[in-house]
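Right, one structure below, let's go through it.
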Amino acid sequence: MTLSVRGLEIRFGERQVVALAELDVADREIVGLVGESGSGKSMTALAVLGLAGSVGADVSGSIRLGELELTALSPAAMRDVRGKRIAMIFQNPVSAFNPVFRVGYIFLRTLRLHGFGKGEALERARAGLHEVLLTPDLLDRYPHQLSGGQAQRVAIALAAALRSEVLIADEPTSALDVTVQAEILELLRGLRQRDGMSILMISHDLAVIGQLCDRTVVMRNGTVVEAGPTASVLGDPQAPYTKELVAAVPQIGAVA
Amino acid sequence: MTRFIAHRVALGLLVVVGVVVLTFVIARVIPGDPATNWVGPHASPVQLARARHTLGLDRPLPAQIVDYLRGIVSGDWGISIHTKQPVLSDLGTRAPASIELVAAGMFLALLAGIPLGLLSARWAGRAPDVGVRLVAVVGVSMPVFWLALILQLIFFQKLQVLPVSGQYDPDVAAAHPLQAYTHMPVVDSLVAGNWPMFRSSLTHLVLPAIVVAAYPMGVVARMVRASVLETLGEDHVRMTRALGFPERTIFAHFALRPALNPVVSVIALVFAYALVNTFLVEAIFDWNGLGSYAADSIQALDTPAVIGVTLFIAIFYVVANLVVDIVQAFVDPRIRLR
Amino acid sequence: MRGNPLLVSGLVIATFFLLVAVFAPLLAPYPADAGSATHPLSSFLPPSWHHPFGTDDVGRDLFSRVIYGTRISLTIAAVVIAFSCVVGIPLGIVAGYFGGIVDDVLMRVTDVFLAFPALLLALALASVLTPSVANATLAIALTWWPWYARLARGQAVSIAGRPYIESCRALGLGSFRILLRHVLPNSVTPVIVQASLDVGGVILTAAALSFLGLGAQDPTPEWGLLVSQGEPYFTTQWWLVTFPGLAILVAALAFNLVGDGLRDRLDPRRVIAR
């Protein structure tokens, strides 16, 4: 499924934080959204899910999922889209789960919410966990009993179980160890491969972007400064800001 | 989990012992001689000396403390100077009335405070929130004894709808004698099916309970509001939104459960305030509980009684806190599964 | 954000009380009545133009007495909080920063105090001292400081663990210097919030003690005492109880509103509700 954003503007009262002219994620494509903190990438993600209002921001512009104009949806219709068609995973996977409920409870309840029957929900949960190389008994655990990597896999498994069409990954590996990071990236690739998901990958880490994304969009102060195939954006940056970002990445073996 | 409980119990014991020692030391510093109070002002020096010996006043302070602690454990809490009864039995007779009032006050405080706090959080920033916050802040600014008098003025004096003296109407008690099991009129009359007494004791309980509940209710409402609002800002609530759950479910279910965990510990606080308020208003409502017993004991420089009441409250309070801590540990999986 | 009506009203009323306390001799129509002057012929007069709050059992103007009572209540609050800060903060900071035995001892001691509501402890203490405003203040102060010690200790513990303190130590700065220049200033904010919230609490506690006869004695016009003096007559001479009690309520309310407002603004973890 495609995701198209046009003319997105996000404001907090008088202050404009995002002015994004164009952002596309094609079908089965992995697009990286790069920028430093405050560049507006997370706000953009929230806006796509229609959640910018819950933090007090005003949103205008067009956000389309395939043919569907999300900004024109009623709140109820938008709720149907969330999770079911567009899923999101977060930077702190353990704290993203409600601490007083078992992880499986959230998992199954979400599936039931989006229309799956009890038996089918359980089946999908098992399948989803299998896909991320976890055993179903993990569903009985509380979030604080999971490692960061495990929790993130459960989150990914949930997106897979929901058969979401688009996944927004907001800094999914930033809080994880490098070795775990690689596994998560592999799982994300798997989502695209097996489940046909389009992925919008938000990160400040160029190495991660470089490994995973087909195309890359660079944001700064709420606007896009460069966009294109990852290889050219990172390998041969045109915009001065992108050049700075690339140059700032420490190289193993290079002399300072 | 057991380590948690053991740790809490140890702390509780330490606190109780600390309080006893503290009160004992301070009480012995009272100007005024308990021995004189025991035998009266016209006693001979011999009688005075004997009284001093009976009361153990002729022994060094640390020895007195040890004796007292040993006595506590074996059930001897001394003899009250102003009632001439064993302190422990005095406490037993007077405590139920206070317990009845504290319980009623706590019940009202939670019954009103929790829903108000939830309402306030649900509509944060809007009219219901401002309204609740105003009521809550007035509740915690209210001088309890004044509220008691004003309510008496309005509901007894002017409107003549509620009684203000004692735990029940003595005429009703004479006509429908009450079997005493728990020595709490409301409970006993309910259990015995003694409806005239039930009505009488319940109406007598209303005003004092409201007065006792005012301050804790304000505290509860504020804490519930703060806890819920804080929870609403947490990562996991954001995730449930992103998963497509309706706001109603998020508030009533996903935010509420973790938000109410700290509220369990608030119950201990509510108990503390209810206890204090009970003490302050017992005299105003002619309530024959520990509060008036304590007041009488202080007047009479009745050291064993004062220490006895203090100790009783200390133990009661520590146990209540312990129970709350354990309940909280059960409810919060993060503590239970440490 | 300055348009928070509750905070603004609280500030206005609190300032009003402060001014009344300062200018009491000028504002009270019968300053002598706040002391031991008696006018038996004008006793039990209901509120009127001459006596806005009526007169008491010995003819003293209640309005003047309540005005002077403002001084007493606010002074008690100031003394208690100052004492708590002066005693509690240094103890707390030292315990939190150095840890070890000092910290353990402080924690246990404050545990005993904090295990009980302040009023109960103050009652217990005041009951063994000769009743007076000074002793009531002392009793309250002695039960109030542990909270500040704990607050300061908590702050000190979290600051002591921060990397920049490590670097201070590495640079050879002495402990006292570090405590004074780095730990102390950073511990101030929660203390300010706590202090502003406590003014109301101390006013209520002092009034309660005086009401029970354990604090101010006649002729001192402390609000709680005034209420207890009016209690025997309150069914007929309702003004004797109503006005002093109202003063307690409004004063505590004002300072609580200010405290709330300060806490909302200074607490870094403010949550956006919707």
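Values in this text are rule-based calculations from the coordinates and carry no lab data. None of the values given here were measured: they were computed from a predicted structure. Ideal geometry is used to build each Cβ from the backbone, glycine not excepted, and the neighbour counts take in all protein chains shown.
Structure data summary
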quantity	calculated
Helix-only mean residue ellipticity at 222 nm for chain C, each DSSP H run of n ≥ 4 adding -39500 (n - 2.57), per residue, nearest 500	-23000 deg cm²/dmol
Magnitude of the charge dipole, chain C, Cβ model with Lys/Arg +1 and Asp/Glu -1, debye to 20	1180
Chain B: most fluctuating residue of B:Y181, B:Y293, B:Y168 per GNM, C-alpha cutoff 10 Å	B:Y181
Sum of -39500 (n - 2.57) over DSSP H runs of 4+, divided by residues of chain A (222 nm, nearest 500)	-11500 deg cm²/dmol
Sparse-neighbour loop sites [chymotrypsin sites (Phe, Trp or Tyr not before Pro); region C:14-85; at most 15 other C-beta within 10 Å; DSSP]	C:F23, C:F44, C:W49
Folded to 0 to 90 degrees: helix B:195-232 orientation relative to chain B principal axis, Cα	50
Cα-centred dipole magnitude for region B:89-299, charges only on beta-carbon of K, R (+1) and D, E (-1), debye, nearest 20	920
Normalised contact order of region A:3-247, rounded percent, pairs of Cα under 8 Å and 6 or more residues apart	28
Rounded to 10°, Cα long-axis angle of helix B:87-122 versus longest principal axis of chain B	20
Unit charges at the beta carbon, dipole of region A:3-247: most positive-side option, A:N92, A:L108, A:L158	A:L108
Within region B:313-329, backbone nitrogen closer than 14 Å to the virtual label 7 Å beyond the Cα of B:V9 toward Cβ	B:319, B:322-323, B:326
Mean shadow area of chain C over all directions, Cα convex hull, nm²	18.4
Farthest positive-ward along the protein assembly as shown dipole, Cα basis, beta-carbon charges - from B:T182, C:V58, B:L151	B:T182
Using alpha-carbon coordinates, inclination of helix C:5-22 to the longest axis of chain C, degrees	70
HN-Hα J in Hz across region A:34-42 - Karplus 6.51, -1.76, 1.60, θ = phi - 60°, x for Gly and Pro	10, x, 7, 4, x, 7, x, 5, 5
Which of A:Y241, C:L262, C:S167, positive extreme of dipole for the protein assembly as shown (C-beta unit charges)	A:Y241
Square roots of five times the Cα gyration tensor eigenvalues for chain B, Å	42, 28, 18
Alpha-carbon Rg with Dmax, taken over region B:92-216, Å	17.1, 55
Net charge dipole size for the protein assembly as shown [Lys, Arg +1 and Asp, Glu -1 on Cβ; Debye, nearest 20]	960
Net charge, B:V132 excluded, C-beta distance under 14 Å - Lys, Arg +1, Asp, Glu -1	+3
Relative contact order (%) - chain C, alpha-carbon pairs under 8 angstrom, separation at least six	24
Net charge, C:E222 excluded, C-beta distance under 12 Å - Lys, Arg +1, Asp, Glu -1	+1
Cα gyration tensor of chain A - equivalent ellipsoid semi-axes, whole Å, descending	29, 23, 16
Chain B - mean residue ellipticity at 222 nm from DSSP helices (-39,500 (n - 2.57) per run, n ≥ 4, rounded to 500)	-24000 deg cm²/dmol
Likely footprinting exposure, C:W238, C:W145, fewest C-beta neighbours within 10 Å first	C:W238, C:W145
